[in-house]
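See structure below.
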Amino acid sequence: MNQNPEDIRAAGLRRGSNQIDYRETADLTNVHAAVQREHSVGTPGAVPMPLWLMALCGVAIFWAGTSFSGGFGTSYFGADNYSVHPGEGVSTTSAAGGEAGAAPSEVDLGKTFFSQNCVVCHQANAMGVPNTYPPLAKSEYINGGSRRLGMILLKGLQGPVTVEGHQFNGAMPSWEKTLTDKKIAAILTYVREDFGNTAGPITPEQIADARKEFAGHPDSWSEADLKAVPPTAELPGGAAPAPAASAAPAAGGAK
């Protein structure tokens, strides 16, 4: 049965303005207009965030960014510019040599650099990984002379090595192109004076001289190379410089 469009529209109006009858007209434009009059109700129980809370969050984010970003500079977080002091949080030194707080000791710096570069293999307690990475705690390569230790850090170590009577087969990478003389010296000083070790500090100047001396050796050292160096031999400039007969094997020597 055909119905008059005016009767349909009147029936829709009688149902109320909030009840939309999409059959109210055959005109497509009017149907779209009816749909556009609808409003989303939202999630039941949801409460909009107050403007004051949004403003407070914005202020907190801005404060955190300006307080802990180092002025949004990229050099501020360089490893040479900060160290962790036990019980004192983080102490910083500027790239230009200025200081903020107490100047970090070599051991403090070494601890920071050690945690960034060494703990994955040697672990935070310096006990290493059985059969793979040797321990640094009370190791014969840590205590005693510094020459063999400097050789390992600068050029790396390949092949099995025996430490404290146990054999380890993990490779030690070369750090001469990755870490500065200062960082290597700080790491070695920290390791030699912590974890129950009793050896002395190593200076950046010693590492710089060793870097020049070992420059002609293109490959990583082997255990045979280390065994050829007396356990008490020191890096150049050390307390007990190694005699000429104990010099590290030159390039082309035992691998």
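Worth a mention:
The rows are residues; the columns are (1) more than 15 Å from Pro134 (Cβ to Cβ); (2) surrounded by 20 or more Cβ atoms within 10 Å (Cβ to Cβ); (3) more than 24 Å from the chain's Cα centre (by Cα).
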residue: Leu153; (1), (2), (3): no, yes, no
residue: Gly156; (1), (2), (3): no, no, no
residue: His166; (1), (2), (3): no, no, yes
residue: Asn169; (1), (2), (3): no, no, yes
residue: Thr189; (1), (2), (3): yes, yes, no
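- Looking only at region 158-191, residues that are more than 16 Å from Asn143 (Cα to Cα) and acidic (Asp, Glu) come to 2 in all.
Quick grid of which residues meet (1) aromatic (Phe, Trp, Tyr); (2) modelled with pLDDT of 90 or more; (3) open to solvent by 30 Å² or more (accessible area, probe 1.4 Å):
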position: Trp175; (1), (2), (3): yes, yes, yes
position: Lys183; (1), (2), (3): no, yes, yes
position: Asp209; (1), (2), (3): no, yes, yes
position: Ser222; (1), (2), (3): no, yes, no
position: Val229; (1), (2), (3): no, yes, no
position: Leu235; (1), (2), (3): no, yes, no
position: Ala239; (1), (2), (3): no, no, yes
position: Pro243; (1), (2), (3): no, no, yes
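- Every condition in (1) more than 21 Å from the chain's Cα centre (by Cα); (2) buried (at least 19 other Cβ atoms within 10 Å of the Cβ) holds for Ala126 except the one numbered (1).
- Subset tally (residues that are within 19 Å of Gly237 (Cβ to Cβ), assigned to a loop (DSSP other than H, G, I, E, B) and of a type in the set (S, T, N, Q)) for region 178-203: 2
- On the stretch given as region 110-119, residues that are of a type in the set (A, V, I, L, M, F, W, C), part of a helix (DSSP H, G or I) and at pLDDT 90 or above total 2.
- Output for region 191-207, where each listed residue is of a type outside the set (Asp, Glu) and either touching a Lys or Arg at 6+ places or on another chain (Cβ under 9 Å) or surrounded by fewer than 16 Cβ atoms within 10 Å (Cβ to Cβ) (or both): Phe195, Gly196, Asn197, Thr198, Ala199, Gly200, Pro201, Ile202, Pro204, Ile207
The values are calculated or read from the model by the stated rules, or taken from the named source; none is laboratory data. Computed from a predicted structure; not experimentally measured. Reconstructed Cβ throughout: ideal geometry from the backbone, glycine too, with neighbour counts over all protein chains shown. Please note that ligands, DNA and RNA were not included when accessible areas were found on the heavy atoms of the full protein model with its side chains. Shrake-Rupley method; radii C 1.70, N 1.55, O 1.52, S 1.80 Å.
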